[in-house]
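Q: Before I ask anything, let me first share the structure, which is written out below as structure tokens.
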Amino acid sequence: MAVDLIHKFLNISAPPFTFFSFLFFLPPYYLFKSFLSILSSIFSENVTGKVVIITGASSGIGEYLAYEYGRRGARLALTARREKSLQEVADRARDFGSPDVIIIRADVSNIDDCRRIVDDTVNHFGRLDHLVNNAGMTAVCMFEDAPPNMTNFRALMDTNFWGSVYTTRFALPHLKNSRGKIVVMPSSSSWMNEPRASGYSASKAALSAFFESLRVEIGSDIGITIVTPGFIESEVTKGKFLQEGGELEVQQDLRDAQVSFTPVGSVSGCARAIVNSACRGDRYLTQPFWFGVTYLWKACFPEVIELGYRIFALPSPGTPHHEALSKRIMDLPGAKEVLYPSSIQSPDVKTE
């Protein structure tokens, strides 16, 4: 058949054509992108008076995003499930300079709550300029140990994926009116698929793919910044994981096995980089910046990455996770003090 001949021809010609095209086009392409980056930095958006929704704003990156937007004079709608913690963050955001802050107690896994988040924001402020889809949770367990009804995996998708999708759907008309911005947080786990995180990685990869497609659909009407943080100080890197029964608990031994000797970045620096990136209109941001090289390692040497995970992160069959080499490394004197910020060394987390 003719189509088979076409595929055979492309099988032979497409790889060398792509290789030589990259050699020819990449240098001028990146030179052009560098020029655009300089321009966008010079003419970065001023968010003074702009209206920003931040989901998952009661702690971690979401909390510090509220402070960073507040410093720049943005008006804020902060949402999370913990109302008391939200109120504390709102008070501090006002102290940092936000002229108007409202809090909306909501669960983004509930579609009606997502509609209410947007409606309450627009009813109060009359507009919407930035939507920051930050809310998320983590479950850490081997797939074979997950409950057969997949409770944990469905909860992860409901919050990490559908929570951002629902909120974006209701915000879209208002963001089009203001030619606003969307910030979404797929995490570097969308490509660095470590063991005990299959459900979490899947939810983040789905999130990344969704917003890549949405960017094509909406064109230049709304800017979309896809943020892929590495390990950043938060309740997640403190070890707060979703358990089999649906409750969230802190397990620092499991955290040590999972994060291990990867340096954990500053949450304030991460929040500042995210807001800067959104205001510049960047398409992508990895924070800390160096963590972006892991994408190249994963793409070019997947077997090396997988072998490394097996050697360091997985204990011998039949032994508990705290026997993993990655955990034993973190038990060495001074390891946590060097690699982990003091904020995540205590198991204490915010409660209502």
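Q: Name the residue that is least open to solvent (accessible area, probe 1.4 Å), counting only residues in the range 127-171 that are part of a helix (DSSP H, G or I) and of a type in the set (D, E, K, R).
A: Among them, the one singled out is D158.
Q: Let me ask something else. List, please: which pairs have Cβ atoms under 8 Å, are six or more places apart or on different chains, and start with a residue in the range 26-54 that is on the phi > 0 side of the Ramachandran plot and end with one that is open to solvent by 50 Å² or more (accessible area, probe 1.4 Å) and of a type in the set (K, R)?
A: Once the first residue is on the phi > 0 side of the Ramachandran plot and sits in the range 26-54, its partners that are open to solvent by 50 Å² or more (accessible area, probe 1.4 Å) and of a type in the set (K, R) give G49/R75.
Q: Another question, if that's okay. For P195, are the conditions met, namely being at pLDDT 90 or above, under 30 Å from P315 (Cα atoms), part of a loop (DSSP other than H, G, I, E, B) and in contact with a strand residue (DSSP E or B) (Cβ under 7 Å, 6 or more places away or on another chain)?
A: It is false that P195 is at pLDDT 90 or above, under 30 Å from P315 (Cα atoms), part of a loop (DSSP other than H, G, I, E, B) and in contact with a strand residue (DSSP E or B) (Cβ under 7 Å, 6 or more places away or on another chain).
Q: I would also like to ask the following. Based on this model, can you work out whether G292 counts as modelled with pLDDT under 95 and of a type in the set (G, A, S)?
A: Yes: the conditions hold for G292.
Q: What is the number of the single condition among (1) in contact with a Gly (Cβ under 8 Å, 6 or more places away or on another chain); (2) part of a helix (DSSP H, G or I); (3) open to solvent by less than 40 Å² (accessible area, probe 1.4 Å); (4) without any contact (Cβ under 8 Å) to a residue 60 or more places away in the chain that H174 does not meet?
A: (3)
Q: If you check every pair at least six apart or on different chains, which have Cβ atoms under 7 Å apart with a residue in the range 133-159 that is without any contact (Cβ under 8 Å) to a residue 60 or more places away in the chain and within 13 Å of L242 (Cα to Cα) first and a residue that is in a loop (DSSP other than H, G, I, E, B) and among the β-branched types (V, I, T) second?
A: T159/V108
Q: Something else about it: In the range 324-352, how many residues are open to solvent by less than 80 Å² (accessible area, probe 1.4 Å), under 20 Å from K240 (Cα atoms) and either among the charged types (D, E, K, R) or not in a loop (DSSP other than H, G, I, E, B) (or both)?
A: Number of matching residues: 8.
Q: Taking the range 280-313 as the search range and keeping residues that are open to solvent by less than 70 Å² (accessible area, probe 1.4 Å) and not in a helix (DSSP H, G or I), which one is nearest to M142 (Cα to Cα)?
A: A313
Q: Let me ask something else. Name the residues in the range 99-139 that are small (G, A, S) and more than 24 Å from the chain's Cα centre (by Cα), would you?
A: Selection gives G126 alone.
Q: Next up: Suppose we keep only residues that are charged (D, E, K, R) and closer than 29 Å to G180 by Cβ within the range 217-252. Which one would you say is surrounded by the most Cβ atoms within 10 Å (Cβ to Cβ)?
A: E233
Q: May I ask you to list the residues in the range 125-156 that are farther than 16 Å from A80 by Cα and modelled with pLDDT of 95 or more?
A: F125, G126, R127, L128, D129, H130
Q: Cβ-Cβ distance below 8 Å, separation of 6 or more or different chains: which pairs start in the range 101-113 with a residue that is in contact (Cβ under 8 Å) with a residue 12 or more places away in the chain and end on one that is open to solvent by 50 Å² or more (accessible area, probe 1.4 Å) and in a strand (DSSP E or B)?
A: Final answer for the pair search is V101/R75.
Q: For the range 307-341, give me each residue that is touching a Ser or Thr at 6+ places or on another chain (Cβ under 7 Å) and of a type in the set (S, T, N, Q).
A: S326
Q: Would you mind telling me which numbered condition in (1) open to solvent by less than 50 Å² (accessible area, probe 1.4 Å); (2) part of a helix (DSSP H, G or I); (3) under 24 Å from R255 (Cβ atoms) C114 fails?
A: Condition not satisfied by C114: (3).
Q: Among the candidates T48, T79, T18, which residue alone is closer than 30 Å to D119 by Cβ, more than 23 Å from the chain's Cα centre (by Cα) and not aliphatic (A, V, I, L, M)?
A: Residue meeting the stated conditions: T48.
Q: Among what's in the range 260-269 and is touching a helix residue (DSSP H, G or I) at 6+ places or on another chain (Cβ under 6 Å) and either surrounded by 20 or more Cβ atoms within 10 Å (Cβ to Cβ) or among the acidic types (D, E) (or both), pick the residue that is modelled with the lowest pLDDT.
A: Here the residue is S260.
Q: Could you grab me the full set of residues in the range 24-48 that are under 16 Å from H130 (Cα atoms) and either open to solvent by less than 30 Å² (accessible area, probe 1.4 Å) or among the β-branched types (V, I, T) (or both)?
A: Within the range 24-48, V47, T48 meet the criteria.
Q: For R255, are the conditions met, namely being open to solvent by 60 Å² or more (accessible area, probe 1.4 Å), out of contact with any Leu (no Cβ under 9 Å at 6 or more places or on another chain), on the phi < 0 side of the Ramachandran plot and of a type outside the set (G, A, S)?
A: It is false that R255 is open to solvent by 60 Å² or more (accessible area, probe 1.4 Å), out of contact with any Leu (no Cβ under 9 Å at 6 or more places or on another chain), on the phi < 0 side of the Ramachandran plot and of a type outside the set (G, A, S).
The values are calculated or read from the model by the stated rules, or taken from the named source; none is laboratory data. Worth saying up front: this structure is predicted, and the values here are computed from it rather than measured. In this analysis, Cβ positions are derived from the backbone assuming ideal geometry, glycine residues included, and neighbour counts consider all displayed protein chains. Areas reflect the complete protein model, heavy atoms only, side chains present, ligands, DNA and RNA absent. Shrake-Rupley method; radii C 1.70, N 1.55, O 1.52, S 1.80 Å.
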